[in-house]
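J.: Got a structure for you, written out below as structure tokens; questions coming shortly.
The values are calculated or read from the model by the stated rules, or taken from the named source; none is laboratory data. All figures in this text were calculated on a predicted structure; none of them were measured in a lab. In this analysis, Cβ positions are derived from the backbone assuming ideal geometry, glycine residues included, and neighbour counts consider all displayed protein chains. Each accessible area value is taken on the protein alone, full model and side chains, heavy atoms only, with ligands, DNA and RNA left out. Shrake-Rupley method; radii C 1.70, N 1.55, O 1.52, S 1.80 Å.
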Amino acid sequence: MPQVKAEGLILRSSNLGEWDRLVVVLAMGYGKVRVVAKGARKIQSRYASVTQPLTHLRFTAYVGGKLPTLSQAEALESFRPLRENLDSLAYALYILELVDMSLVDAQPHDDILSLAIACLHILSHTEHRELLLAFFELRLLARLGFALELGVCPRCAGLPGEHLVVDLPGFPCHKCSQREGPRTQIRVNGTAMNLLSKLSGGDWRAVEGLSAPVAGEREVAAVLDSIVFAKLEKRPESHAFLCAIRVAARG
Ligand SMILES: [Zn+2]
């Protein structure tokens, strides 16, 4: 019987039948795959904890019948610090949903898998959750072919303007923006622009060192929400939970 043997990240899971769980895994070399974990909802099941969302695992699944069936699974990382902190969990679940919504089944995207796992590791120990999410979103958009252009007008490569056109995404110059018509435009101030270029250019360590609260952080979050919603053509379900956590954090 053919089998899938890979490492992957569990994006979501749902109940199936009386005792089983249907797991959506972003698997290295395979892309997004749906796997049935038989008996995973029984307390004594060896699959009970390893089939939870936010688990980085190594697994084997047999392909046959309607859906592949899990035959072996071992957790490589369960991201406990993220599960134990509600603030971090909100950001982690949002990252998982963005990955899930961005990809179709069975199209390998190992670059996005590595990006998500790397960002979940950073999220486990950073206080800069909002900036980490922005750092992740900018790279996710780029890997999906929807990179935010900051340095030049995305139409004519001239000097960029001040208004972001979210479905480009970028800052068209004055001349080009007059031709854009009634598209969603957002004015982005200089502080937020500086932070955006820091986030898209340098490595995470350059951002990690900034002392909180970081100027422009809220604007950057709003800008990226708009671009991500434009790309996905809808608002992720876990965005409401993320917003509740954001509001509570701002006191
Ligand atoms: Zn232009």
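J.: For N15 and E127, compute 0.36 nm times the residue count separating them, minus their Cα-Cα distance, and round to one decimal in nm. Before the final figure, lay out each step's value.
T.: On the way: separation 112, 0.36 × 112 = 40.32 nm, distance 3.34 nm.
Once the chain is fully extended between N15 and E127, it gains 37.0 nm.
J.: Can you give the net charge of the other residues whose Cβ lies under 14 Å from the Cβ of Y62, counting K and R as +1 and D and E as -1?
T.: +4
J.: Arranged from highest to lowest average of other beta-carbon atoms within 10 Å per residue, in what order do the peptides 4-14, 143-153 appear?
T.: Details: 4-14: 19.5, 143-153: 15.8.
Ranked from most to least packed, the peptides come out as 4-14, 143-153.
J.: Hey, another quick one. Within the chain, which DSSP H helices have Cα atoms that stretch 15 Å or more along the helix axis and a mean Kyte-Doolittle hydropathy of at least 1.0?
T.: For the chain, where a helix must reach 15 Å along its axis and average at least 1.0, the hits are 86-102, 110-123, 239-250.
J.: Can you return the aspartates and glutamates within cross-link range of K234? Criterion is Cα-Cα under 16 Å, with same-chain partners fewer than 8 residues away left out.
T.: Leaving aside aspartates and glutamates fewer than 8 places away in the same chain, those within reach of K234 are E97, D100, E137, D167, D225.
J.: Now, a different point. Using the heavy atoms of the protein chains alone and a 1.4 angstrom probe, what is the accessible area of the chain per residue in square angstrom?
T.: On a per-residue basis, 49 Å².
J.: On the accessible surface of segment 3-78, probed at 1.4 Å, how many percent belong to carbon and sulfur atoms? Walk me through the numbers on the way to the answer.
T.: Values: 1870 of 3680 Å².
About 51 percent, which is the carbon plus sulfur part of the accessible surface.
J.: Give me the percent of the accessible area of segment 81-250 that comes from carbon and sulfur atoms, probe 1.4 Å, all protein chains in place. Each step should come with its number before you reach the end.
T.: On the way: 4260 of 8160 Å².
Its accessible area is 52 percent carbon and sulfur atoms.
J.: Show which lysines lie in cross-link reach of K5 when reach means a straight Cα distance below 26 angstrom and same-chain residues fewer than eight apart are skipped.
T.: K5 reaches K32, K38, K42, K66.
J.: Still on this structure, please answer the following. Could the peptides 237-246, 17-26 be put in order, highest first, of the mean number of other beta-carbon atoms found within 10 Å of their residues? Show your work: numbers first, answer last.
T.: Values: 237-246: 16.0, 17-26: 19.9.
Going by the mean number of other Cβ atoms within 10 Å, highest first, we get 17-26, 237-246.
J.: In a shell of Cβ-Cβ distance under 12 Å around S114, excluding S114 itself, what net charge do Lys and Arg (+1) and Asp and Glu (-1) give? Could you put the intermediate results ahead of the total?
T.: Details: positive: R139, R143; negative: E7, D110, D111.
Here the count lands on -1.
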